[in-house]
Amino acid sequence: MKIFVTRRLPIDPRSQLPRGVEVDLFEHDRPPTPEELRSRARGCHGVLSLLSDRIDAAFLDACPSVRVVSNLAVGYDNIDVAACTKRGVVVTNTPDVLTEATADLAFALLLSVGRRLRECERLARSGDFGFWSPTALLGMELSDATLGIYGFGRIGRAIARRAAGFGMNVVYCTRTEVPALAREGASPVDFETLLSVSDVVAISAPLNDATRRRFGAQEFGAMKRGALLLNTARGAIVDEAALVQALEAGKIGGAGLDVFEDEPRVHAGLLQRDDVVLTPHVGSATTATRVRMAELALANLDAVLHGRPALHRVD
């Protein structure tokens with residue numbers, strides 16, 4: 001039995017799998033090219049993939065021995081799940097284990113943008129930031145501000161818990177009904193209301209046909225003037241060109257982005273703005289979280305390859 005692991009992991013995958021399972025590890029931090037992915041996965045029974053690895057019908061046709069694709073992520077928009085299901089290939093993911101780390105980063109972005117930390121740090125490092133002034137670098141006070149969360153799954157609810165600690169009012173918009181006991185003190189609203197009442201809008205939804213470019217020129221125009229946008233979900237939920245235009249026009253007050261529409265490229269109009277804080281898709285980047293993700297992805301592979309139910313199956 002053989003698996004292909006498409007990137008170096010924070011743990012040795014061989015240590016997590018039973019003896020007799022051969023591991024082909026792509027010994028790079030960069031993703032394999034589509035040609036490398038097909039070549040290395042050909043003859044394998046399982047693949048541990050990342051978001052940058054496109055698993056589609058062409059890949060599956062080239063690698064007919066693959067029985068399971070274990071995605072090292074919660075999202076799986078890089079995988080054509082229907083094509084996998086048609087061929088009897090199991091698809092798994094790694095939910096739950098990165099919830100708290102991603103919610104932490106969302107709040108780090110909120111504080112960074114809301115309190116203008118990019119500008120503050122640049123001035124402090126200059127060594128000549130002048131005298132204290134009552135009118136300098138005024139930012140947003142979070143207490144009593146309204147946080148609107150678009151997508152209220154595990155991560156959205158974890159963000160709401162943090163917001164409660166800062167005294168924020170929280171509303172949310174989501175596709176599915178959320179039981180009252182799971183609302184974390186947040187109130188459900190429709191999408192239009194969320195845009196109009198929120199001082200901060202945090203995106204925490206999966207990427208699919210309904211959410212792709214859900215935030216564009218019309219939505220930014222409907223937001224409160226001066227409101228902030230946070231995105232720790234998927235970059236393609238936001239039309240970055242429209243976001244740049246909204247920032248330039250002063251329609252919104254700033255943005256904190258961990259994900260981008262065309263990763264790893266970032267829209268040039270975002271790069272030099274002091275009202276935008278950018279991080280390179282590091283929502284789950286704590287040592288403990290990345291180890292748990294790797295362990296769960298490998299456990300999913302091991303279970304399916306040995307005839308047991310996957311811990312987290314998405315197809």
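The values are calculated or read from the model by the stated rules, or taken from the named source; none is laboratory data. Every value quoted in this text rests on a predicted model; they were computed, and no experiment measured them. Using ideal geometry, Cβ is built from the backbone for each residue, glycine included, and neighbour counts are taken over all protein chains shown. Ligands, DNA and RNA are excluded from the accessible area calculation, which covers all protein heavy atoms including side chains. Shrake-Rupley method; radii C 1.70, N 1.55, O 1.52, S 1.80 Å.
Quick notes on this one:
- Val97 being in a loop (DSSP other than H, G, I, E, B) and either in contact with a helix residue (DSSP H, G or I) (Cβ under 7 Å, 6 or more places away or on another chain) or not small (Gly, Ala, Ser) (or both): yes
- For the condition touching a strand residue (DSSP E or B) at 6+ places or on another chain (Cβ under 9 Å) and open to solvent by 10 Å² or more (accessible area, probe 1.4 Å), Arg225 does not qualify.
- For region 204-222, a tally of residues being open to solvent by less than 60 Å² (accessible area, probe 1.4 Å), among the hydrophobic types (A, V, I, L, M, F, W, C), out of contact with any Gly (no Cβ under 9 Å at 6 or more places or on another chain) and within 29 Å of Pro264 (Cβ to Cβ) returns 2.
- Annotation for region 119-128: no member residue is in a helix (DSSP H, G or I), polar (S, T, N, Q) and at pLDDT 95 or above.
- When Leu138 is tested against (1) open to solvent by 80 Å² or more (accessible area, probe 1.4 Å); (2) closer than 21 Å to Lys224 by Cα; (3) not in a loop (DSSP other than H, G, I, E, B), just one condition goes unmet, and that condition is (3).
- Region 47-61 residues that are without any contact (Cβ under 8 Å) to a residue 12 or more places away in the chain and among the aliphatic types (A, V, I, L, M), paired with ones that are in a loop (DSSP other than H, G, I, E, B) and open to solvent by 10 Å² or more (accessible area, probe 1.4 Å) (beta carbon under 8 Å, 6 or more apart): none
- Annotation: His306 fulfils all but one of (1) within 16 Å of the chain's Cα centre (by Cα); (2) open to solvent by 30 Å² or more (accessible area, probe 1.4 Å); the unmet one is (1).
- Failed item in (1) under 25 Å from Thr193 (Cα atoms); (2) open to solvent by 10 Å² or more (accessible area, probe 1.4 Å); (3) of a type outside the set (Lys, Arg); (4) touching a His at 6+ places or on another chain (Cβ under 8 Å), with Glu240 passing the rest: (2)
- Pick from region 59-80, criterion open to solvent by 40 Å² or more (accessible area, probe 1.4 Å) and assigned to a loop (DSSP other than H, G, I, E, B), ranking: nearest to Ala310 (Cα to Cα): Arg67
- Within region 118-135, the residues that satisfy the criterion of being within 15 Å of Val276 (Cβ to Cβ) and either open to solvent by less than 50 Å² (accessible area, probe 1.4 Å) or in contact with a strand residue (DSSP E or B) (Cβ under 7 Å, 6 or more places away or on another chain) (or both) are Arg118, Glu119, Cys120.
- Listed conditions (1) in contact (Cβ under 8 Å) with a residue 24 or more places away in the chain; (2) in a loop (DSSP other than H, G, I, E, B) are all met by Met293, apart from (2).
- Enumeration of residues in region 25-50 that are open to solvent by less than 30 Å² (accessible area, probe 1.4 Å) and under 10 Å from Thr6 (Cα atoms): Leu25, Phe26, Pro32, Leu37, Ala41, Val47, Leu48, Ser49
- Among the residues of region 84-94, the ones that are in a helix (DSSP H, G or I) and open to solvent by 10 Å² or more (accessible area, probe 1.4 Å) come to 2 in all.
- Note on region 161-203: among residues that are among the polar types (S, T, N, Q) and open to solvent by 20 Å² or more (accessible area, probe 1.4 Å), the one that is nearest to Val276 (Cα to Cα) is Ser196.
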